[in-house]
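Engineer: Here you go, one structure.
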Protein chains: 2
Amino acid sequence: MSRNVKNNVPSGKKKAGRPRRFDETVALEAAMEVFWAKGFEGASLEDLTNAMGINRPSLYAAFGDKNALFSKAIDHYGETIASPAQVGFHNEASIEKAVTAYFELALEGQCRNGDCAKGCFIAGMVGLEDGCMPELQAALAKQATATHQGFVERFDREIKEGRLGPTPDAEARATLMMDLMQAQSYRARTGATRKMLEDQIEMRVRAVLA
Amino acid sequence: MSRNVKNNVPSGKKKAGRPRRFDETVALEAAMEVFWAKGFEGASLEDLTNAMGINRPSLYAAFGDKNALFSKAIDHYGETIASPAQVGFHNEASIEKAVTAYFELALEGQCRNGDCAKGCFIAGMVGLEDGCMPELQAALAKQATATHQGFVERFDREIKEGRLGPTPDAEARATLMMDLMQAQSYRARTGATRKMLEDQIEMRVRAVLA
DNA sequence: AGTTTTTCATACTGATCGGTATATTTATCC
DNA sequence: GGATAAATATACCGATCAGTATGAAAAACT
């Protein structure tokens, strides 16, 4: 247990060679922040390495090229920010609390650096680079479809069990909720304060549950 | 009338020097398309000059640098695409028709090249370049505020004259309508077909007028 | 100790970026 | 028919881009 702990290999054999001087996860987080703030094309290798605290060869050895790093940043965003919002939604028993939780958790991710609003990482990126990275676009679309489907199933259940009116139908409600989340993200990116967006959550919830 | 017509100076004195071989407006339109598809940083001078059918010095003489060209493209978008949607809204007598017209005209602009959806030009740009072009961001925000205010006034009138319920209030309805327009734009940018978006308009209208 | 393996640091590559200097065309003005 | 003025075309500029070659440094293995 005491052996090898410096090498981040808590048990068994250590890895040979010079140990890494940075944590892969915190470096990825820093990269995500840079992409978030500057976009894919706007984020230069110098920006990235500065923020991550490593130099170019280390970056390429650990993450691959810029595209691969971006792709990993997307995944990281999904795991640490996007998916908690969905989980929060599905874990609430009451549909009203579920929808509210979704908007609140999404806002948490959109405004995580104090009041400095930055919007949804994915929403700000996707669709801009024309034809570039089509496989990435496809992956994002697939992820969005899965999220949408989860919402549809929940709304369907609520409607079937009489806790929600039949119109708008589950499909429309799911679309509406994702639309309003996206709009909230857009407002976060374009100068809205956190307080403004918090005050609008009730309106969004009502629109989805009307 | 016959004199000077080749020089695009229909009356009076002609301009000295070699005449322009391109139409400024169609060149600007082409530039807007490139920015629209690739974003500001993604659009290279080569992309722009190729699409506009002119070469670099002509571009710089006619429009200034890349930032100035982008700014003029934004203005052009507002005049030819964004503002018609607002006018369409304000010209309809019935509020239901007004809201519907707004979404339809916005969709017109978002999908203008056949089924190839591209979303809202402004929405796709704003907020991405971190701290870059702050004066441009401010101009866009001001324009958005003016649009919002116009909607608020109309909804206020409808509510006061009893054609619309008091909740959500005019402010919330205006926010909601712009949010749903923005969401429609986002969907247009991320692969939704025109038909899908047309079918969703009724849902959006209902959400605003609920 | 000495070899091996992995990472780190510096400096470099060719390509592309936005922007421009130079010179040639094409028109009007005198 | 010059002289002048404006727009064209070509080629170039320094800066920056993403990506990499090279060698030193730091650990484990034998």
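What follows draws every value from the coordinates through simple rules; no lab data is involved. Here the structure is a predicted model, which means the values were calculated and not measured. Methodologically, a virtual Cβ is constructed for each residue, glycine included, from the backbone with ideal geometry; neighbour enumeration extends over all protein chains shown.
Engineer: Per residue, what volume in Å³ does the Cα convex hull of region A:22-73 take up?
Structural biologist: Dividing the Cα hull volume of region A:22-73 by its residue count gives 60 Å³.
Engineer: Sticking with this one: I need the fraction of alpha carbon pairs in region B:16-117 separated by more than 16 Å, rounded to a whole percent. Working shown, then result.
Structural biologist: Values: 3187 of 5151 pairs.
More than 16 Å apart: 62 percent of the Cα pairs in region B:16-117.
Engineer: Between copies, how close do the B:P19 label points come, placed 7 Å along Cα→Cβ, listed in nm from shortest?
Structural biologist: Copy-to-copy label distances at B:P19, shortest first: 7.8 nm.
Engineer: Then there is this: How many nanometers, to one decimal and shortest first, lie between the label point of A:N55 and those of its other copies, if labels sit 7 Å from Cα toward Cβ?
Structural biologist: Distances between equivalent label points, in nm: 4.3.
Engineer: Report, for B:Q143, each distance to the same residue's label point in the other copies, shortest first and in nm; define the point 7 Å along Cα→Cβ.
Structural biologist: 3.1
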